[in-house]
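Here the structure is laid out as structure tokens; the discussion comes afterwards.
What follows draws every value from the coordinates through simple rules; no lab data is involved. All values reported here derive from a predicted model rather than from experimental measurement. Here Cβ is always computed from backbone atoms with ideal geometry, including for glycine, and neighbour counts include all displayed protein chains.
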Amino acid sequence: MKIIFYDAKQYDIDSFEKQRKNYPDIESIYLEADLTEDTARLAEGCEGVCAFVSSTITGSVLRRLHEHGVKLLLMRCAGYNNVDIKAADKYGITVLRVPGYSPEAVAEHAMALALAVTRRIHKGYIKVRENNFSLNGLMGLDFHGKTAGIIGTGRIGAAMCRICHGFGMRVIAYDVYQNPDLDFVKYYPLSEVLRESDLISLHCPLTEASYHTETISLMKENVVFVNTSRGALVNTEDLIKGIRSRKFHGVGLDVYEEETENVFENRQEDILESSVTARLLSFPNVIVTSHQGFFTEEALAAISRTTLENACAFERGRIIKENQVK
Ligand code: NAI
């Protein structure tokens, strides 16, 4: 099977080529270009297309892929809110993803953001480099003995619950389904989790039901808020209003609304079309990273392996059902 990889960075190529030795029947073509209506024609002659979470895979893109004979869309990520699934079905394109590559990678990044922003590591780092050894502005909070509120306790949320438990926190959670493995976690309605928690971390998918959920107004004062899931789970204007009204001790974001143009690109020379990023970055108690939660050696190896396994299974007519998006 010939697979064309869109938006392939050098680290993607290295990781996939390392794994591809074990899949000799797969031929790969790597493209720097992202998958769009215009670039879809480059998939001519390829049965499979591999894309990442930062591509917007609309009905028109899928129609073009279908016209060029593509049968399989391999998402090298867990999230798929960027794919028009109904259109994929209409054009007979099977969509497979990598549901759980390294939940710990994302959960550890969520805790890294929570700690960094709570202990003002981002400020301390810069101050000491400037020979400023004063502690003014660096006052932190303990996590030990506090309450962590985890929204979504699937693979990543469960890993975050375990990390918070290890920090000596009381862990409470909200999910539409309770995770039976987390016997140390107490489930409450969303509003109660938001009201009671000192640290809130989002780990649910972006769906119609979870889009712009009313969360900020319910949170307690001086809360630490972390989002490594999807930007649009919260309304960014409400988040900015909350930051301005000094509701938060700190905010750590690996994802934010309108990140799509920025994600994984060096835009140092650009004039950005939106002021969301600039506004978020203007606050001293906010840290933003660019969707790097998944970015560990272990996670990339698992992503490449599962993506190639997905392709091989499809070729043999044995789709891995739990990896299929419908
Ligand atoms: P998962 O599918 O294992 O767990 C998601 C959990 O959210 C499930 O338990 C589900 O019942 C729950 N859920 C669904 N709708 C909900 C709602 N409205 N309110 C509360 N809970 C709800 O997914 P996983 O692997 O844990 O990933 C979670 C999210 O993390 C993904 O959807 C993705 O958006 C994000 N992610 C971020 C990455 C990054 O690099 N920052 C990398 C990978 C995933």
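The residue list 197, 277, 300 was ranked by how far each Cα lies along the charge dipole of the chain toward its positive end, using unit charges on Cβ atoms, and 197 comes out on top. Seen against the Cα atoms of the chain and their longest principal axis, helix 103-118 is set at about 30 degrees.
Suppose every Lys and Arg Cβ carries +1 and every Asp and Glu Cβ carries -1, with no other charges. What dipole size does the range 234-291 come out with about its Cα centre, to the nearest 20 debye?
Values: 6 positive and 11 negative charges, 119 e Å.
The dipole magnitude comes to about 580 debye.
Once both labels are positioned 7 Å from their Cα atoms along Cα-to-Cβ, the gap between residue 282 and residue 241 label points is 1.7 nm.
For the chain, a Gaussian network of Cα nodes joined below 10 Å ranks 158, 148, 87 by mean-square fluctuation, and the top entry is 87. Overall, the anisotropy analysis places the range 122-275 in the oblate class: the square-rooted eigenvalues a ≥ b ≥ c of its C-alpha gyration tensor yield a/c not less than 1.5, with a/b not exceeding b/c.
Measuring between their Cα centroids, the range 43-104 and the range 198-264 lie 27 Å from each other. Its Cα centre serving as origin, the chain has a Cβ charge dipole (Lys and Arg +1, Asp and Glu -1) of approximately 780 debye.
Enumerate the lysines that residue 18 could reach by cross-link, defined here as Cα to Cα under 22 Å, with residues fewer than 8 away along the same chain left out. Those lysines meeting the cut-off are 2, 9. Each 5 Å bin from 0 upward holds the following percent of the Cα-Cα pairs of the range 45-154: 2, 10, 15, 14, 10, 8, 9, 9, 8, 7, 5, 3, 1. Here the Gaussian network model covers the chain, with springs between Cα atoms less than 10 Å apart; of 267, 119, 155, 267 fluctuates the most. For the listed residue pairs 86/321; 21/90; 123/186, the alpha carbons are over 24 angstrom apart in 21/90; 123/186. Pairs of Cα atoms in the range 214-285 fall into 10 Å distance bins, from 0 up to the last occupied one, in shares of 18, 54, 23, 5 percent.
Normalised by 2.2 N^0.38 Å, where N counts its residues, the alpha-carbon radius of gyration of the range 4-50 equals 1.16.
Would you mind computing Rg(Cα) / (2.2 N^0.38 Å) for the range 2-101, counting N as its residues?
That ratio works out to 0.99.
Between the residues 19, 99, 115, the greatest Cα displacement towards the positive end of the dipole of the range 1-141, with unit charges on the Cβ of Lys, Arg, Asp and Glu, is found for 115.
When each pair of different Cα atoms in the chain is counted once in the 1/r mean, what is the Kirkwood radius in angstroms, to one decimal? If you can, show how the numbers build up before the last one.
Details: mean 1/r = 0.0476 Å⁻¹.
21.0 Å is the Kirkwood radius here.
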